[in-house]
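Only one structure is covered here, and it is reproduced in the block below.
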Protein chains: 2
Amino acid sequence: MTHTPLETSTDENVGILASNSFDMNKLDTLHGTLHDLVAQREVLGPCYRLFYQKPLHLVSGRGTRLFDSDGTEYLDMYNNIPSIGHSNPCVTKAVTEQLTKINTHTRYVHQNILAYANDLLATLPPSLDRIMFMCSGSEANDLAIRCAQLYTLGEGIIVTAEAYHGNTALVSGVSPSIGKDVPMSPTMRMIPTPDTYRLGTDDIGTWMRDRVAEQIADMKRHGIRFAGVLFDSIFSSDGVIPGKPGFLQPVIDLVHAEGGLYIADEVQPGFCRTGDTFWGFQRHDITPDIVTMGKPMANGIACSGMAIRHDVLEAFAERNPYFNTFAGNPVAMAAAQAVLDYLREHDMLSHVSHMGKLLVNGISNLAKEHPCLGDVRGAGLFTGTDIVIPGTKDPDRATAVKLIEALREHHVLISLCGPYGSVLKVRPPLVFSESDLDFFLSALDASLTDIGK
Amino acid sequence: MTHTPLETSTDENVGILASNSFDMNKLDTLHGTLHDLVAQREVLGPCYRLFYQKPLHLVSGRGTRLFDSDGTEYLDMYNNIPSIGHSNPCVTKAVTEQLTKINTHTRYVHQNILAYANDLLATLPPSLDRIMFMCSGSEANDLAIRCAQLYTLGEGIIVTAEAYHGNTALVSGVSPSIGKDVPMSPTMRMIPTPDTYRLGTDDIGTWMRDRVAEQIADMKRHGIRFAGVLFDSIFSSDGVIPGKPGFLQPVIDLVHAEGGLYIADEVQPGFCRTGDTFWGFQRHDITPDIVTMGKPMANGIACSGMAIRHDVLEAFAERNPYFNTFAGNPVAMAAAQAVLDYLREHDMLSHVSHMGKLLVNGISNLAKEHPCLGDVRGAGLFTGTDIVIPGTKDPDRATAVKLIEALREHHVLISLCGPYGSVLKVRPPLVFSESDLDFFLSALDASLTDIGK
């Protein structure tokens, strides 16, 4: 095997971006205000996507709950950005207070960025001793790749076959899940999704190491110098694959032996999401060379970051200054600090570990009654459930799409991911409670019954 | 002429990013809290820059004024992000109110993005009928280039020799002012800075068209298909060059005749900055194919955008979905709406035009007494003043650097730009008043006297 095409994708743009998108050609199925608002989105152009056959017009949120314009309450089992809860007053307070004082940029000294930088670095391995801030996960991954390339003097980056790492030109080129029509970078190579459910190996680490080795060999054959790997620590868009803790060790060992860097994309798994450890890669007891982060970092205020070894950063810094207008500004830092403080003060790591186990157990119990629920897996409050043809491991995307539409009718918001668009991505705000769990499991049970599964 | 090297740069990294940066090797010249805070910035790595030999530790801001930790008040003559004033309560109120309601993303319907999109498009030519949102100007320019490339099926982008368009991999490659050690994109070509002061032509439009024509010819010779030009409408980092209104018409005509697109980078000149017209390109009565915007858009909350012709966008959208987690979220849109409302309700366009004329006149009057003040030019509240060897047009960077340090002693914050790092970039928040002007002109006069110029 020299190169892994996207043979696993069953139809166009199955990835995370289009799993249950509203079809704008069906605008006339909508009515009233919703129809008018959706119609108005024409000015935003055709790249934007709305969730659901009947899109949601959300007007408020509290904790794990979201409210539609008609007052309908939904349990949010999908959004990881408001990890400490929708409209968390700690964040509102921090942002408001800072906005009334000052909001400038990093060319002036400000204590917020320094206090936060130190607090954040304390969650990371000591070798990751530098932190820079950006506005989006895309910007963080864009910079991380450039740092890896300048340090190694290589170009070749390896990702998984259904990876999503962001939307800049560079990062889109290493994000195969964007869609088959988007050309990938010629110096990027893919390994297949480490599908622990279907691969039939109990040593996924060795399997994955061997796939990476094959792609490094292929790069050499093409005269491409290996720069490193860029892996989401829970393979979010590949279908949420926590795997056995530690399985990434042989992979990172190979990467280092081959002179490459290991970039951990923690934009989705970071900030207590996977339970037990603050960062997803820490479940595997590995030490990446670069860690990127974003989404839940400031509960919805634009904020992302890149933690990096100082010697790796220096290879970039020798040639490149870097300034990012809004990044690391006092307001973004105040919001990020409020999130980090909340996570610590509420011991969210323990809460997430506890609730995550209950969530996986709950779904697993339902699987006994509903055989379309295949593999149920998770780490903390990041879980994936394969929807399959009963008695097989064959993915059943049609049922998966029906199920998330049915769940919406039962007031639960959720989405899909994975190479076949058939994995339930269950990822509620971290403040998810036991009563939320009961509500979710009842709704899942009822929804499966509704669709005859 | 086939290719314009950066022969105009006098020393390394002269561009906007390093014009008066603090030298971290001089840390021991600082004392007390400032010393400690600057020392702590080591964790941010060596890419960050601080303004001034003695960096500023700013803790609050109001309108055009900024306050240091010891209570010292400064007049801000540099920062264009807080265009409606530091800590403007309208923005704080809009952000706070929206944060208490909901802050999700564009996959749910929300009225804020639609109301703002329509209001914003109303400021633009009718052919620019689609608007998308990002977090940073870099992301907007990154996407704009990709759209131009997919529409034209070309790769070649032309910029000016001291342009700065952002910090992603793609956009850094078309930002020569980042520094001579940063490799530029092999398919990018540069034209010289359209230096109206030194070029000795009163037909800068024809001159510039001819330079663009040369670079298109060079692209053809190299088998690179021309995709378009990316020009800041006031050539901010080239030294602030407003030029005669209308001079860009022959340039855009050529670009279109050659099958390329004209991308107007309005990240700095947009949102009333240049006076008379809402957008910088409107001073020239041209209609770009894509317009990018950012910095002042939401007064410091991360927000940027790309306005584009629907047919150009469709070439991108056919292949690419696009999602940007934080972009266009209800909070960013509320902040942006507050800014736009403020600009309209306070008729800032008239205010800026009026104050801009007074500012240029005031500096020009001082030039009679201080012959190191060379060309004084501006549009609205975006002005540039060349610092020169008296009696010549030779740039005097050393004096320019001394001058901004002296101005800081007189409680005025300002910076430099241009190919020689010798142009005073005078660009206060738009709420700049006549008493601010008096304060500035007195400080400038005194500072020039202090440095013996």
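Quick notes on this one:
- Consider region B:19-29 and keep the residues that are more than 10 Å from chain A (Cβ to nearest Cβ) and either open to solvent by less than 50 Å² (accessible area, probe 1.4 Å) or among the acidic types (Asp, Glu) (or both). The one that is farthest from A:Asn320 (Cα to Cα) is B:Asp28.
- Filter result for B:Lys402 (open to solvent by 50 Å² or more (accessible area, probe 1.4 Å), under 27 Å from B:Thr274 (Cβ atoms) and more than 21 Å from the chain's Cα centre (by Cα)): no
- Criterion (over 25 Å from the mean Cα position of the chain (by Cα), more than 7 Å from every other protein chain (Cβ to nearest Cβ), surrounded by 22 or more Cβ atoms within 10 Å (Cβ to Cβ) and not in a loop (DSSP other than H, G, I, E, B)) met by exactly one of B:Ala94, B:Ala39: B:Ala94
- When the residues of region B:42-70 are filtered to those that are small (Gly, Ala, Ser), without any contact (Cβ under 8 Å) to a residue 60 or more places away in the chain and open to solvent by 20 Å² or more (accessible area, probe 1.4 Å), the one that is nearest to the other protein chains (Cβ to nearest Cβ) is B:Ser60.
- Qualifying residues in region B:167-216 (those that are among the small types (Gly, Ala, Ser) and touching a residue at least 40 places away in the same chain (Cβ under 8 Å)) - the one farthest from B:Leu254 (Cα to Cα): B:Gly179
- Top-ranked residue of region B:164-215 - restricted to ones that are of a type in the set (Val, Ile, Thr), surrounded by fewer than 22 Cβ atoms within 10 Å (Cβ to Cβ) and under 27 Å from A:Gly173 (Cα atoms), ranked as farthest from the other protein chains (Cβ to nearest Cβ): B:Thr187
- Test: residue in region A:416-424 that is open to solvent by 10 Å² or more (accessible area, probe 1.4 Å), under 27 Å from A:Ser353 (Cβ atoms), of a type in the set (Gly, Ala, Ser) and at pLDDT 95 or above: no
- Region B:149-252 holds no strands (runs of 3 or more DSSP E) entirely within its bounds that carry 2 or more residues that are within 23 Å of the chain's Cα centre (by Cα) and of a type in the set (S, T, N, Q).
- Flag for A:Leu128 being within 14 Å of chain B (Cβ to nearest Cβ) and crowded, with 19+ Cβ neighbours inside 10 Å: yes
- Here A:Gly270, A:Gly259, A:Gly305 are screened, and the one residue that is at pLDDT 95 or above and either in contact with a Ser or Thr (Cβ under 7 Å, 6 or more places away or on another chain) or at the interface with chain B (Cβ under 10 Å from one of its Cβ atoms) (or both) is A:Gly259.
- Residue check for B:Pro288: buried (at least 20 other Cβ atoms within 10 Å of the Cβ) and within 14 Å of another protein chain (Cβ to nearest Cβ): no
- Complete set of residues in region A:308-329 that are assigned to a helix (DSSP H, G or I) and within 9 Å of chain B (Cβ to nearest Cβ): A:His310, A:Leu313, A:Glu314, A:Phe316, A:Ala317
- A:Ala264 buried (at least 24 other Cβ atoms within 10 Å of the Cβ) and free of Cβ contacts under 8 Å to residues at least 60 places away in the same chain: yes
- For region A:79-104, the set of residues classified as without any contact (Cβ under 8 Å) to a residue 60 or more places away in the chain and among the polar types (S, T, N, Q) consists of A:Ser87, A:Thr92, A:Thr96, A:Thr100, listed by residue number.
- Count of region B:256-278 residues which are in contact with a Leu (Cβ under 7 Å, 6 or more places away or on another chain) and either under 22 Å from B:Asp142 (Cα atoms) or among the aromatic types (Phe, Trp, Tyr) (or both): 4
- Elements of type strands (runs of 3 or more DSSP E) in region B:381-453, at least 3 residues being over 24 Å from B:Met297 (Cα atoms): B:382-387
- Considering region A:97-119, and only residues there that are assigned to a helix (DSSP H, G or I), among the polar types (S, T, N, Q) and closer than 17 Å to B:Pro82 by Cα, the residue that is nearest to the other protein chains (Cβ to nearest Cβ) turns out to be A:Thr100.
- Test: residue in region A:131-139 that is open to solvent by less than 10 Å² (accessible area, probe 1.4 Å) and more than 9 Å from every other protein chain (Cβ to nearest Cβ): no
- The condition of being within 8 Å of chain B (Cβ to nearest Cβ), open to solvent by less than 10 Å² (accessible area, probe 1.4 Å), of a type outside the set (Val, Ile, Thr) and under 26 Å from A:Val267 (Cα atoms) holds for A:Asn79.
- Scanning region B:140-153 for residues that are among the small types (Gly, Ala, Ser) and either at the interface with chain A (Cβ under 7 Å from one of its Cβ atoms) or within 23 Å of A:Ala327 (Cβ to Cβ) (or both) yields B:Ala140, B:Ala144.
- Residue match in region B:330-339 (condition: open to solvent by 50 Å² or more (accessible area, probe 1.4 Å) and away from every other protein chain (no Cβ under 14 Å)): no
The values are calculated or read from the model by the stated rules, or taken from the named source; none is laboratory data. Computed from a predicted model, the values in this text were never measured in an experiment. Because the Cβ atoms are built from the backbone with ideal geometry, glycine has one as well, and the counts that use them run over all protein chains shown. These accessible areas exclude ligands, DNA and RNA; they are computed on the full protein's heavy atoms, side chains included. Shrake-Rupley method; radii C 1.70, N 1.55, O 1.52, S 1.80 Å.
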